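Below is the structure I would like to discuss, written out as structure tokens.
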Amino acid sequence: MKIRPLHFFIFWLVLNLVQAAFTELTSDEAYYWFYSRSLEWGYYDHPPFIALMVRLGYALFPNELGVRLVNVILNALSVLLLFKLVPRGEPRRDTLMYLMVLSLPLLNYLAFIIFPDGPLLFFFVLFLIGYKRFLDREDLPAVLLLGCSTALMLYSKYHGVLVVGFTVLSHWRLLRSPRFWLSMVLALVLFLPHLAWQYAHQFPTFQFHLKGRTTAFTTRYLLEYVSQQLPAIGPGLLFIPFVYRTRDRFERALQLICLGTFGFFLFTAMKAFVHFHWTSIALFPLLLLASRFYEDEKRKKLFQFLVLPLAFAVVVLRLYLMFRIFPVNHINVDYYHGRELWAEDIEKVAGDRPVLFGDNFRESSLYAFYSGHTGVALQSGERRRSQYELWNQEDVLQGRDVVLIQDRPFAGSTELRTRMDKTVHYLLAPGFSSYFNIPVEVAFPPAVKSGDSVAVAVTVSNPRNTALRFERAGFPRAPALFYVIRKDGQEVHRGTLEVFPEDAVIPPGGQREFTASLPLPALEEGAHTVAFGIRYEPLLDAYNSKAYEFRVGR
């Protein structure tokens, strides 16, 4: 019996539905599930399509399968549609595609684990179909397919910009085509609701991806990037765009998308960690180029030696994710098994009380998914925030009995060894208070002298509908004002000021001024910045003010 693309589609769909149903949720997936609790045009980390996917699937099946359902279906459809770009009448090429899909680790992973890359790949295939038609005839269906697929790629993940950019680089004459511009205008119009959401929320996603992820140059990220891409894609495919001789403009676009993607993230890895799945947009172009590269009988042994062995590794990976056939730890804890038991153990301690997981927004979402109780995370705000801050989840905790969970021991905490072999430390905080979303304004002089004491007026506002208090409330220390002085972006001094009386109360919507004397250390002459926040140990420091510029003189 000849295996047709439709037969392979059915097999691939069923395989990944079973895998999705029997694999525990990962922390990223739980965070996307948290997104889906309220549908919006955007979220802190990503565009909105992933939340819509989870919402639809979870409404049908309120479990792991439901979270992943739409992603599994879209992935199977994307593989089926990919065969529209493989010349018909080439049965050997179809067989090569089946074997490469089954042997490609990253594609197998994205087929059931939900990431924004899943819908991105589906709409990317539609973009390629539209672009191929556009090259043949610039008709209205091609324009509509290009425009709509571009918008939907961007609604899935911003990496869709790279697809369009590298496509244009492969064929500059596109910029002379009014119909190509029409397709891009259509994409922009369709994408406007998300841009409006970004504007209304002060562009949190753009700021995070452009600024929040970057660090100083380090070779560590470069080495990690290279070492991850080889097993994720495999040695049998990774080299192909570097040696393949393209035959037409469409193949030229496929090649440049591959090379551009690898090169772009190689450059990114100089200053930021690159997750192994970020190169996902290279997968389908790689498969299409590889299907032509390996159709030559002379390369049959090369295919069998470089590509097929990974199929065994993929089978082992899939079995491990479902059944934990061998113990493997990831960052001192199994990343894929035991989360339901972990949640049950924490629930026994917390009961119905909300649980605060410090700054671990992924674990808070996992706890909420598996326990059905409230899990919250609070970010310090110095480098990044999360969807919890955008939705003001902090306010849900105020005045309640809260269980604080952290990985490391802290003052007053109790150790809990969970059944997933992860040790956590917890503390019951009655009448909980926190200050991460409390605005602080400081009257700081623009010029100071090194070593002087500076009188500052600190204005604290309360945007909540509950009173703001500064009591110790079961924590080792009462809230205090801290400050951080930086020069050229580097921290040079950090200090704490006890300015909040424990009996101080700020009514809802009110504000109060506190005064303090800030002793300056010996500082170099020149421009500095100082930022203020509220320290309430063992919580993370909350950065509540903007950075104030000042100059130091002698």
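Any idea what the dipole of the chain comes to, in debye rounded to 20, about its Cα centre with Lys/Arg Cβ at +1 and Asp/Glu Cβ at -1?
2300
Also, quick follow-up: Tell me, what is the 1.4 Å probe accessible area of Lys2, in Å² to the nearest 10?
Counting only protein heavy atoms, the figure is 120 Å².
Additional query: Once both axes come from the Cα atoms, what is the angle between helix 117-136 and the longest principal axis of the chain, in degrees from 0 to 90, rounded to 10?
Once rounded, one gets 50 degrees.
Also, quick follow-up: Could you check the spin-label model distance between Arg551 and Phe305? Points 7 Å from the Cα along Cα→Cβ, value in nm.
6.9
A further question follows. Determine which residues of segment 251-290 fall in the zone a paramagnetic label at Thr219 would reach in this model, i.e. backbone nitrogen under 19 Å from the point 7 Å along Cα→Cβ.
Under cut-off, by backbone N: 266-274.
Given Cβ point charges of +1 (Lys, Arg) and -1 (Asp, Glu) and nothing else, what value in debye, to the nearest 20, does the dipole of segment 441-521 about its Cα centre take?
It comes to approximately 160 debye.
A further question on this structure: Using the alpha carbon gyration tensor of the chain, what are the three equivalent-ellipsoid semi-axes (square root of 5 times each eigenvalue), largest first, in whole Å?
48, 28, 22
Explain nothing, just compute: Karplus ³J(HN,Hα) = 6.51 cos²θ - 1.76 cosθ + 1.60, θ = phi - 60°, for every residue of segment 175-181 in order, whole Hz, x for Gly and Pro.
5, 8, 8, x, 6, 5, 4
When a/c reaches 1.5 or more, the comparison of a/b and b/c decides; with that in mind, is segment 202-323 rounded, prolate or oblate per its Cα gyration tensor?
Since a/c reaches 1.5 but b/c is at least a/b, the shape of segment 202-323 is classed as oblate.
May I ask you to compute the full-extension gain from Lys2 to Arg486, defined as 0.36 nm times their residue separation minus their alpha-carbon distance, rounded to one decimal in nm?
Here the segment from Lys2 to Arg486 would lengthen by 167.4 nm.
Can you tell me the orientation of helix 64-82 relative to the chain, as the angle in degrees between its alpha-carbon axis and the longest Cα principal axis, to the nearest 10?
Compared with the principal axis, the helix lies near 40 degrees.
Something else: Hey, which of these cross-link pairs are over 30 Å Cα-Cα: Lys2/Lys301; Lys271/Lys546; Lys84/Lys298; Lys2/Lys132; Lys348/Lys546; Lys157/Lys301?
Lys348/Lys546; Lys157/Lys301
Would you mind telling me the share, in percent, of accessible area of segment 410-554 contributed by carbon and sulfur at probe 1.4 angstrom?
Carbon and sulfur: 46 percent of the exposed surface of segment 410-554.
Can you find, among Leu74, Val552, Leu468, the residue sitting farthest towards the positive end of the charge dipole of the chain, where Lys and Arg contribute +1 and Asp and Glu -1 at Cβ?
After comparing all options, I get Leu74.
Tell me the relative contact order for segment 45-124 as a rounded percent, counting alpha carbon contacts under 8 Å between residues six or more apart.
Once divided by the residue count of segment 45-124, the mean separation gives 36 percent.
Measuring with a 1.4 Å probe in the full set of protein chains, what accessible area per residue, in whole Å², belongs to segment 174-302?
52
Can you grab the distance from the C-alpha centre of segment 486-554 to the C-alpha centre of segment 12-31, Å, no decimals?
Segment 486-554 and segment 12-31 have Cα centres separated by 46 Å.
Near the amide H of Leu468, under 5 Å away, which other amide H atoms are found, from residues 5 or more places off or on another chain, if H is placed in the peptide plane?
Ile506
Right, here's the next one. So, with a 1.4 angstrom probe, what is the percent of accessible area on segment 127-183 that is carbon and sulfur?
67
Next question. Return, for the Cα atoms of segment 354-439, the radius of gyration and Dmax in Å, separated by a comma.
Cα only, segment 354-439: 12.7, 40 Å (Rg, Dmax).
For the residue pair Ser450 and Ser38, what label-to-label distance in nm results when each label sits 7 Å from Cα along the Cα-to-beta-carbon direction?
4.9
Rounded to the nearest whole Å², what accessible area per residue is found for segment 14-107 with the 1.4 Å probe?
Here the residues of segment 14-107 average 34 Å² of exposed surface.
At 0.36 nm per residue, minus the direct Cα-Cα distance, what do Leu341 and Arg176 gain on full extension? Give it in nm, one decimal, please.
Contour length minus Cα-Cα distance gives 53.4 nm.
Further question on the same structure: So, with a 1.4 angstrom probe, what is the percent of accessible area on segment 249-314 that is carbon and sulfur?
67
Pairs of Cα atoms under 8 Å, at least six residues apart: use those to get the relative contact order of the chain, whole percent.
After rounding, I find 12 percent.
If contacts are Cα pairs under 8 angstrom and at least 6 residues apart, what is the relative contact order of segment 399-510 in percent?
Relative contact order for segment 399-510 comes out at 22 percent.
So how tilted is helix 361-371 from the main axis of the chain? Cα-based, degrees 0 to 90, rounded to 10.
80
The values are calculated or read from the model by the stated rules, or taken from the named source; none is laboratory data. Please read these numbers as outputs of a predicted model, since none were measured by experiment. Note: ideal-geometry Cβ built from the backbone for every residue, glycine included; neighbour counts use all protein chains shown. Protein only, heavy atoms only, side chains kept; ligands, DNA and RNA dropped before computing areas. Shrake-Rupley method; radii C 1.70, N 1.55, O 1.52, S 1.80 Å.
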